[in-house]
Each structure stands twice: as C-alpha cells, then as structure tokens.
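The values are calculated or read from the model by the stated rules, or taken from the named source; none is laboratory data. The structure presented is a predicted model; accordingly, all values stated were derived computationally and were not measured. Here the Cβ positions follow ideal geometry from the backbone for every residue, glycine too, while neighbour counts run over all protein chains shown.
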Amino acid sequence: MSGNSFGTLYCVTSFGESHGPAYGGVVDGCPPGLALGNEDLQKELDRRKPGSSRHVTQRRETDTVEILSGVYEGKTTGTAIGFLIRNEDQRPKDYAAIAQKFRPGHADYTYWQKYGVRDPRGGGRASARETVIRVAAGAIAKKWLAQRYGVLVRGYLAQLGPLKIDFKDWQDVQANPFFAPDNSRMQELEKFMDELRESGDSCGARVNVVAQKVPVGWGEPVYGRLDADIAAAMMSINAVKGVEIGAGFAAITQKGSEHGDEMTLQGFATNNNGGVLGGISSGQDVTVSIALKPTSSIRLARRTIDDQGKATSVATTGRHDPCVGIRATPIAEGMLACVLMDHALRHRAQCGDVTPPTRFQLE
C-alpha cells in the first residue's frame, strides 16, 4: 500500500495496524551528530499515550519506544533511524460484531472499496494509533530544530466542542490532561466530557500550534510552499477536516488594510499571514490551527450498510476517545516540527550560503 511516507529530505515512513503486533517507523535524513536516545522520543510519546485520564480511551499502552538503528554511542549517524513501538493491549474481539459493517464517518467503507479488503480491528491502518510514529519522528525534529536554530514548537487545545478556550499561559498547557492553556477552565471541561461520555456520543475540537524563532527563508516559492506542506501534513492527521494558517478563514472578513502585515524597522506589526509569505517563512511565529471532527466510533446506533450491501445499523463498543482532539496537541506539534525540519534541510542545501542585503531583527 503506497502513501506511507512523507517529507523530502527529512523523510518519515510508518507501518503497523491498531491491533497488530507493533507500529514501526523509519526516519531518513536526520543529520549526524545529534545526541539522541529512547528517552527523547519517550517523553513526547508519553504526552499522547492512551489511558492518561478518564477523558480519553482507556486502552492501556505504555508506548515504549526502542530505537533500532541510526544511533551509535548516543548520537545519530546520518543513516536511517528505525524504531519500534509494541502494541500491548490489543482487543480485536471488540470489533467482531461489526467486522462486516461500515461505521459512518470512518474509513471502513473507503478502504473496502479501494483495496477490496480491510482490517476491521480498530480501523487497522486507518487508526489514530498510527500517530505514535509521527510523534516520535517529531520528537527528533523538535530536538534538532531547537539545537540548530532555537526553534520552539508548542501547541494547545483552543476549543473543545462548543467550549472556546482563550490562551492564558503556556505553563497551564502542561498542567492538565486537556493541553488547555487556562487551568481555571478545568471543572467546566471535565463536566462537559463526563456528560458527553455518559451520553455515548463524541465531539470535535480545535488545536492551535505555534513555532517560534523560525528563521526567514524556509519554503519554496511555488510548489513545495511551506504553508502548503504544513497544510498537507496537518490534513494527514486522522480526523482533521480543516487547517488555518495565521488568520485563516477570518481573512474573509478582513480588509487589505487590516490583513496585510505592515513592516516597521522593528519588524512586522501583525501576523495575519501566520509567519509565511509567498510560501516562504517570514521570520515571524508560524501559527497553525486545525479542526478535528467528532470521533466516528460511538455507542449510539446509526444507520449503515454491511459488506453485502444490506441496510443495517451499527453501534461501536470498546475503548474510544470521546474527543480525539484532546490527545491531538502533541501530534500536531510533531507534524509541524517534521515539516519545518524538512524545509530547514532543503533551504540549507540550496540557499545555505545566501546572505540577504536587508533583514530586520525580530524579537
């Protein structure tokens, strides 16, 4: 099956299924000399792993990662970095009753139509569990970007269903299970999720990601634009149905005098373009927002058809996230980091020795 790799110079490949033996990944293109160990990947994987609170799936996975290649004596060698994450809590029996049915909103039907066969155990290859590989690959990219350029990639939950969450403090993001930037909203968010879980339904979410200290000049001018590659990477995350760069859809109602980011001797006055102009980074923060749809696997019965083309209904039991957006923050961070590292390497290869005549310093 094609479509299991992304990136040009920083290339990530994944394999595995939700209830198979393991997920594995290969990162090709990481420069040599980066200090790297299992713990660098593990700390990011621990942020997204299931069972971390009552508000997410209760599947119990340690997501323990093992680096198999590309690292010698604690440093990357420049060769392919291979790693493995074992599935430890598979329960394929949870899907026996719906193995011949197509879940509305899920990839069951499209996989069946495309390949003529599908793995019904948790969605198989279409499972959001595949994102463990993206988070691990993103951990490598995050570390390299931080050490080489001082780039910091962070994200937070900006909306849970109908509840919008204004940004308050980055420290709050790491202090609660929602990755919410305002700890004072915890009681409200927990009440909403408890009621949602009890109802058997699910909800969507918005996650915002910010990359700070991104140098000016990353990205290509027409094809391979930085914002286009970011959008493609974010849309490849399970359940993502919308991506905004900078002001995004708010630009529809803005006037040119408002949207255009004026330039002063001290830098840009605003950042409506999300740190990207003409497909190339401007030196400002790169800001991205993603919309995640409600979880497709819910306990409520819904109309569908089976693989014989007969009308039926389906209700999904088992362990599922009532809102996949709660654990999406480290995934979105990882994907943004991978794209930025890919473009950093591409820029270095073509334009690494270019010294522009005019450049203001951005704080």
Inset, instruction - Return the total of residues in region 138-151 being surrounded by fewer than 16 Cβ atoms within 10 Å (Cβ to Cβ) and touching a strand residue (DSSP E or B) at 6+ places or on another chain (Cβ under 7 Å). - result: 1
Legend entry - Subset of region 231-255 (residues that are assigned to a loop (DSSP other than H, G, I, E, B) and touching a helix residue (DSSP H, G or I) at 6+ places or on another chain (Cβ under 9 Å)): 236, 237, 238, 239, 246, 247
Inset, instruction - Give, as residue ranges, the helices (runs of 4 or more DSSP H) completely inside region 130-217 that count at least 2 residues that are closer than 15 Å to residue 339 by Cβ. - result: 131-149
Legend entry - Long-range neighbours under 9 Å by Cβ, at least six apart or interchain, first residue under 24 Å from residue 19 (Cβ atoms) and of a type in the set (Gly, Ala, Ser) within region 303-322, second at pLDDT 85 or above and outside any loop (DSSP other than H, G, I, E, B): 313/101; 313/302; 313/303; 313/304; 315/302
Legend entry - Unique match (being touching a residue at least 40 places away in the same chain (Cβ under 8 Å) and either more than 21 Å from residue 247 (Cα to Cα) or in a loop (DSSP other than H, G, I, E, B) (or both)) among 325, 334: 334
Inset, instruction - Identify the single condition in (1) part of a loop (DSSP other than H, G, I, E, B); (2) over 30 Å from residue 98 (Cα atoms) that residue 298 does not satisfy, given that it satisfies every other one. - result: (2)
Legend entry - Tally of residues being touching a residue at least 60 places away in the same chain (Cβ under 8 Å) and among the small types (Gly, Ala, Ser) across region 233-255: 3
Inset, instruction - With the condition kept exactly as written, say whether any residue in region 256-276 is within 20 Å of residue 152 (Cβ to Cβ), in contact (Cβ under 8 Å) with a residue 24 or more places away in the chain, in contact with a helix residue (DSSP H, G or I) (Cβ under 7 Å, 6 or more places away or on another chain) and not in a loop (DSSP other than H, G, I, E, B). - result: yes
Inset, instruction - Only residues that are buried (at least 16 other Cβ atoms within 10 Å of the Cβ) and part of a strand (DSSP E or B): list them for region 16-42, please. - result: 16, 23, 24, 25, 26, 27, 28
Legend entry - Sole exception among (1) in a loop (DSSP other than H, G, I, E, B); (2) under 22 Å from the mean Cα position of the chain (by Cα); (3) at pLDDT 85 or above for residue 117, by number: (2)
Legend entry - Close pairs (8 angstrom Cβ cut-off, 6 or more residues apart or separate chains): farther than 28 Å from residue 84 by Cα in region 102-129, assigned to a loop (DSSP other than H, G, I, E, B) and among the hydrophobic types (A, V, I, L, M, F, W, C) anywhere: 109/102
Inset, instruction - Would you mention how many residues in region 97-123 are at positive phi and crowded, with 21+ Cβ neighbours inside 10 Å? - result: 2
Legend entry - Scan of region 289-317 for residues that are more than 21 Å from residue 110 (Cβ to Cβ) and over 21 Å from the mean Cα position of the chain (by Cα), ordered by number: 299, 300, 301, 317
